[in-house]
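Worksheet: one structure, shown below.
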Amino acid sequence: MSASCRSLIKLQKLRLFPKAVQTVSCGSRANIFPTNQNRSYCAEVKKEATNEPKQDTEDVKSEDKRPEAEAKRTDTWAEAELKEKEDKQRRQKEADREQTIKVEILNASMKYVTKHGWSKLALASGAEDLGYISIVSGLFDRGGEELVLHHIKTSNKKLDAWMIEEVDRYKKAEEKLPITKFIKAATKQRLLMNEEFIRGGVWGEALALMAKPQNIPESVGCLQQVCDDIWHRAGDTSADLNWYSKRMLLAGIISSTEVFMIQDLSQNFEETWKFLDRRFEDISGVPQLGK
């Protein structure tokens, strides 16, 4: 027995050291731990050992819940996107339906223009025929101006359809399209679409409405469109400054002839067509237009 162990036993016998002492022999050395301190230390070690697996379990549960939370967020975004898409489609359907009703009223109102002029009264009369009287004020904030623009745009579309038929007729007959003759005929055809309102004495009012500053951009745009359509159907393929000059000169011819036509009292507008021929002669220097 080592000397340190013998000294420890002697101290215990003399009661100079607590009985509840745990000795741990490590070779030639002895470590002394009071029993109560050893139990506390063991309890702490046991507690830490117990808590470590619990922490791991909580981490696993947290990791398990993470994909679920991400899935919920994804579902929320998908639902919001779907709702936004459905709202957009609903608004588009409502806008399309409103536009359809608006066109129907405008078409029905045209027959009242010679009686009531380009006014809300003509619109109300057309709407009443269709049963839409209560919504007229909400759909037509610009009043009669929308009637004028509707007539112009509708007439331009009709003219384009007429030109397509004319071009097809020449193709089927295997004949070359006479450009100048075709342009004159198209111009005359477009001007004749105003005949009803000229004879009714209301086309001058329409031109005055289109001359308002707020309507000039749209009015000029419609004139530019019809001139471009005529030259396009005539087979114009120019890509230089002639493209602009041809359309500008044609716009001037149409505008001046339209004003002359309002004042023409001759039978079948004979004086107007003579005026139109003179205008084409004035620009005879422009290729493919005045020849």
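The values are calculated or read from the model by the stated rules, or taken from the named source; none is laboratory data. Everything numeric in this text was worked out from a predicted model, so none of it was measured. A quick note on method: Cβ atoms are made from the backbone with ideal geometry, for glycine too, and the neighbour counts reach across all protein chains shown. Keep in mind that these areas ignore ligands, DNA and RNA; they rest on the heavy atoms of the full protein, side chains included. Shrake-Rupley method; radii C 1.70, N 1.55, O 1.52, S 1.80 Å.
A compact table of results
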{"quantity": "Whether segment 211-277 is rounded, prolate or oblate, judged on the alpha carbon gyration tensor where a/c under 1.5 counts as rounded", "calculated": "oblate"}
{"quantity": "Label-to-label distance, nm, for residues given as Thr180 and Leu139 (7 Å Cα→Cβ offset)", "calculated": "4.7"}
{"quantity": "For Asp236, solvent-accessible area (1.4 Å; no DNA, RNA or ligand), Å²", "calculated": "30"}
{"quantity": "Efficiency of FRET between Gln225 and Thr76 - r from beta-carbon atoms, R0 45 angstrom, step 0.05", "calculated": "0.40"}
{"quantity": "Which listed pairs, of Lys158/Lys274; Lys158/Lys184; Lys102/Lys188; Lys115/Lys158, have C-alpha distances above 19 Å, in listed order", "calculated": "Lys158/Lys274; Lys102/Lys188; Lys115/Lys158"}
{"quantity": "Two-site label geometry, Glu196 and Leu265: point separation in nm, points 7 Å out along Cα→Cβ", "calculated": "2.5"}
{"quantity": "Gap separating the Cα centres of segment 84-103 and segment 190-255, nearest whole Å", "calculated": "31"}
{"quantity": "Cα gyration tensor shape of segment 100-198, rounded if a/c is under 1.5, else prolate or oblate by comparing a/b with b/c", "calculated": "prolate"}
{"quantity": "For segment 142-291: rounded, prolate or oblate by the Cα gyration tensor [a/c cutoff 1.5]", "calculated": "prolate"}
